[in-house]
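The values are calculated or read from the model by the stated rules, or taken from the named source; none is laboratory data. Source: prediction; values computed, not measured. No Cβ is skipped: glycine too gets one built from the backbone with ideal geometry, and neighbour counts run over all protein chains shown.
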Amino acid sequence: MIIMEIFIEKTNKRIKKNFSGIAKDLLKILKMNSESVLIVRNDELITEEEQLKNTDDVKILSVISGG
Amino acid sequence: MNCLKCDENAVFLEPTLCKEHFISYFEKKVKKTIKDFKLVKKTDRIIVACSGGKDSTTILYLLKKIHGTVEALAIDEGIKGYRNKTLVDLKRFCEENKIKLTIYSFKESFGKTLDLMLKKEKNPCTICGTFRRYLLNKHARGYDKIATGHNLDDESQAIIMNLTKANTELLLRSVPITEKKKGFVQRIKPLYFCSEKEVAAYALLKKFSIHFTECPYVNKRIEMMCEKN
């Protein structure tokens, strides 16, 4: 079975999730606020309304720099 | 979901725009802020306070594009694992875009890095901000304006904090351009009306080589604010 790999830049960690659905639902599962992140699918910026598949390469970038 | 202006896929939701139209929307908004608030005169010598993060890199890029000549000024506070990484990004960006960059450090100026200063002090942002503003103002003398990457989220946060503290003096500084004051270089904030998410999306779409990381002291600051209130 193919499992989605998600890179979370804020924590510099790569996690694996069996997920297929809308990006905003993935954020809910990960307990992330859609206002504070950007979602990158296969190196392209997408909105949280886009459909994600297990085969996608997903990155979640924090927009809060605080520096 | 399609872009409001064409049939391309949207990359941003509010407003719902594709890559090309989002970049155009963002740049127009920054240009409008510069024009409406008279942030820049043609003859101005401008220096940009840079950290190597998305906000200051964006404003450095846009001011060079709009105004022509700009210089970059960075302060190395000495935050291990954070500032050293963002400064690498900044040096590369300035080299690629032929922008003069000058870096001053807390260690050279005050004898200690921020990491060392915080071994005895509790409030990281007050200490860091005070020393950083002092160095920025000191080394920006001789320039007409110093541009900072403060965005709409930063300004909203500052307004709410100063309202709750009833600090009218600081509240009046939450404007796109500060007043002329003896001994201080005028500050401009061209990203004043751009949200943090918009700036991040622009930096990503323009493929600026930067890290989307948070300052490690952010959580300590929030803890301090909760303790006080």
(request) Could you pull out the residue among B:Leu116, B:Leu60, B:Leu90, B:Leu135 that is assigned to a helix (DSSP H, G or I) and under 12 Å from the mean Cα position of the chain (by Cα)? (result) B:Leu60
(message) I'd like to check something: does segment B:71-81 contain any residue that is surrounded by 14 or more Cβ atoms within 10 Å (Cβ to Cβ), at pLDDT 95 or above and not in a strand (DSSP E or B)?
(response) no
(request) Keeping to segment B:9-57, report how many residues are β-branched (Val, Ile, Thr) and not in a helix (DSSP H, G or I). (result) 7
(message) Where the second residue is part of a helix (DSSP H, G or I) and the first is among the hydroxyl-bearing types (Ser, Thr, Tyr) and lies in segment B:158-179, which pairs have Cβ atoms under 9 Å and are six or more apart or on separate chains?
(response) B:Thr168/B:Asn162; B:Ser174/B:Glu155; B:Ser174/B:Ser156; B:Ser174/B:Ala158; B:Ser174/B:Ile159; B:Ser174/B:Asn162
(request) Would you confirm whether any residue within segment B:184-192 is under 20 Å from B:Lys19 (Cα atoms), modelled with pLDDT of 95 or more, in contact with a Ser or Thr (Cβ under 9 Å, 6 or more places away or on another chain) and not basic (Lys, Arg)? (result) yes
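So which of B:Ile103, B:Ile79, B:Ile46 ends up being closer than 22 Å to A:Val63 by Cα and touching a helix residue (DSSP H, G or I) at 6+ places or on another chain (Cβ under 8 Å)?
Criteria check complete, one pass: B:Ile79.
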(message) Return the pair list, or none, for Cβ contacts closer than 8 Å from residues in segment B:202-213 that are over 15 Å from B:Thr86 (Cα atoms) and facing chain A (nearest Cβ under 9 Å) to residues that are part of a helix (DSSP H, G or I) and of a type in the set (A, V, I, L, M), at least 6 apart or on different chains.
(response) B:Leu205/B:Ile23
(message) For segment A:49-67: of the residues being assigned to a strand (DSSP E or B) and facing another protein chain (nearest Cβ under 7 Å), which is modelled with the highest pLDDT?
(response) A:Leu61
(request) Give the residue that is farthest from B:Leu118 (Cα to Cα), with candidates limited to residues of segment B:54-84 that are basic (Lys, Arg) and within 11 Å of chain A (Cβ to nearest Cβ). (result) B:Lys54
(message) Among the residues that make up segment A:35-48, is at least one of them touching a Ser or Thr at 6+ places or on another chain (Cβ under 7 Å), of a type in the set (Gly, Ala, Ser) and either within 14 Å of another protein chain (Cβ to nearest Cβ) or surrounded by fewer than 14 Cβ atoms within 10 Å (Cβ to Cβ) (or both)?
(response) yes
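Conditions tested, residue by residue: (1) of a type outside the set (Lys, Arg); (2) on the phi > 0 side of the Ramachandran plot.
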{"site": "B:Thr16", "(1), (2)": "yes, no"}
{"site": "B:Gly68", "(1), (2)": "yes, yes"}
{"site": "B:Lys80", "(1), (2)": "no, no"}
{"site": "B:Lys107", "(1), (2)": "no, no"}
{"site": "B:Gly111", "(1), (2)": "yes, yes"}
